[in-house]
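Peer 1: Once you've had a glance at the structure underneath, I'll fire off some questions.
The values are calculated or read from the model by the stated rules, or taken from the named source; none is laboratory data. All values derive from a computational prediction rather than experimental measurement. Cβ sites come from the backbone with ideal geometry, for glycine too, and all protein chains shown count toward neighbours. Keep in mind that these areas ignore ligands, DNA and RNA; they rest on the heavy atoms of the full protein, side chains included. Shrake-Rupley method; radii C 1.70, N 1.55, O 1.52, S 1.80 Å.
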Amino acid sequence: MNSTFSSRLGPLRGNRIVLIWVVLGVIGALTATGLLVTGRSTDAGEMLTARTISDSTTPGFAGALPDSANPIGDAAPPVAFAPLAGLSPAGMPVASSRAVQALADHPLFAQHVGLGRVDCKLPAWHDDPETARAFYRSAIACLDASWEPTLRGAGLPFHPPRLLAPTESRDVASQCVQRLRNGPTTFYCALDETLVLPYDAMRPLSSGSRRGAQLAVLSTEYGHHVQNLIGVMQAYNEKRATIGKETTAGREQSRRMELQARCFSGMFLGTNFGRADIDEQTWTEASHTVQSGHATRDPRMQGTEENVWGWWKWGSDKGDTWECNTWYSSPAHVE
């Protein structure tokens, strides 16, 4: 994304006015280059200094990770305090609240930005459609509370997704109903901004899980909602249509999209690890669901089991939007 910086200094009288303009110019330059970005911790409400790109050379998962649990928790970066999506002519940030159609150079991935911390309390999961729907509604509220300050703080739009959770997939009434042509499945429909979670598709994935498997699946689909809100999905659709959806390059773009949603899912569970109902057992159940490949349907379009697990755990270990920039990664890490 390109920003235009311009300033016009007329004749100034008095040293105080000159000093004020100099100070504003320095602050604006630092903000524009990413050397000064502040964050707000939603725990303590204190201003924190976010890490910058210069802390590491390249973002993202880049190989095998140990299976041992290492969720980031409160060590994750704070949410963005200064909008990243726009700057005033003086170099000072201004809220734009608009989507930015970009991939690797999207402003949300240009800084080390974390999620809001939430004490997520969830109803017990029972093996029936109605309690499943109650669980989904509570989990979505937790995801909303975690992602909203991140996106709004970065000057990006936010609103919650819709939920569609019928008992059987055949009862799905969605603009993306064709996604069910190969059988029951969960998905996000960007056309009507809906998380589609049919009970007959979720039930096999949640077998034996108290809540972790359910959260792993739901938070991944929610990750696609985030991509849609901020403009990544639009940029992806345009690029894939240009290069050919079913070409080798087109399928690689699909994997980058899916693996970023996995990373976002890991971010949510890793950042909020140890808070309320996202306890160690919940995190472990979620990680086992991802690592086992139960939620991966087509590796050509979604990534290998190794990379699905790697990106999810990387998100959990780092809790950082910059680290979830799959669009920047080498092809080997998005196989």
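Peer 1: Strands (runs of 3 or more DSSP E) wholly in segment 135-244 with at least 3 residues that are not basic (K, R) - which ones?
Peer 2: In segment 135-244, 187-189, 194-196 are the strands (runs of 3 or more DSSP E) which contain 3 or more residues that are not basic (K, R).
Peer 1: Please specify each residue of segment 230-253 satisfying the condition of being within 16 Å of the chain's Cα centre (by Cα), of a type outside the set (V, I, T) and open to solvent by less than 10 Å² (accessible area, probe 1.4 Å).
Peer 2: Selection gives G231 alone.
Peer 1: Within segment 94-121, how many residues turn out to be at pLDDT 85 or above and either open to solvent by 20 Å² or more (accessible area, probe 1.4 Å) or in a helix (DSSP H, G or I) (or both)?
Peer 2: 14
Peer 1: Sticking with this one: Output the number of residues of segment 129-158 satisfying the condition of being farther than 18 Å from A80 by Cβ and touching a residue at least 24 places away in the same chain (Cβ under 8 Å).
Peer 2: 9
Peer 1: Another question, then. From R210, R256, which residue is open to solvent by 50 Å² or more (accessible area, probe 1.4 Å) and among the basic types (K, R)?
Peer 2: Every option except R210 fails the conditions.
Peer 1: Okay, moving on. Condition first: touching a Phe, Trp or Tyr at 6+ places or on another chain (Cβ under 8 Å), modelled with pLDDT under 65 and outside any strand (DSSP E or B). Now tell me which residues in segment 65-93 satisfy that.
Peer 2: If the condition is that a residue be touching a Phe, Trp or Tyr at 6+ places or on another chain (Cβ under 8 Å), modelled with pLDDT under 65 and outside any strand (DSSP E or B), then P89, G91 are the ones that fit.
Peer 1: Considering segment 259-288 alone, what residues qualify as being under 20 Å from C142 (Cβ atoms), surrounded by fewer than 24 Cβ atoms within 10 Å (Cβ to Cβ) and touching a residue at least 12 places away in the same chain (Cβ under 8 Å)?
Peer 2: Once the filter is applied, which keeps residues that are under 20 Å from C142 (Cβ atoms), surrounded by fewer than 24 Cβ atoms within 10 Å (Cβ to Cβ) and touching a residue at least 12 places away in the same chain (Cβ under 8 Å), segment 259-288 yields F273, G274, R275, A276, D277, E280, Q281, W283, T284, E285, S287.
Peer 1: What number of residues within segment 292-314 satisfy the criterion of being part of a helix (DSSP H, G or I) and either more than 30 Å from P123 (Cβ to Cβ) or in contact with an Asp or Glu (Cβ under 7 Å, 6 or more places away or on another chain) (or both)?
Peer 2: Counting residues in segment 292-314 that are part of a helix (DSSP H, G or I) and either more than 30 Å from P123 (Cβ to Cβ) or in contact with an Asp or Glu (Cβ under 7 Å, 6 or more places away or on another chain) (or both) gives 9.
Peer 1: Can I ask one more? Which of the residues spanning segment 159-177 are among the aliphatic types (A, V, I, L, M) and touching a residue at least 40 places away in the same chain (Cβ under 8 Å)?
Peer 2: Within segment 159-177, none qualify.
Peer 1: With within 16 Å of F109 (Cβ to Cβ), in contact with a helix residue (DSSP H, G or I) (Cβ under 7 Å, 6 or more places away or on another chain) and open to solvent by 30 Å² or more (accessible area, probe 1.4 Å) as the only criterion, which of W314, W322 stands out?
Peer 2: Only one candidate qualifies: W314.
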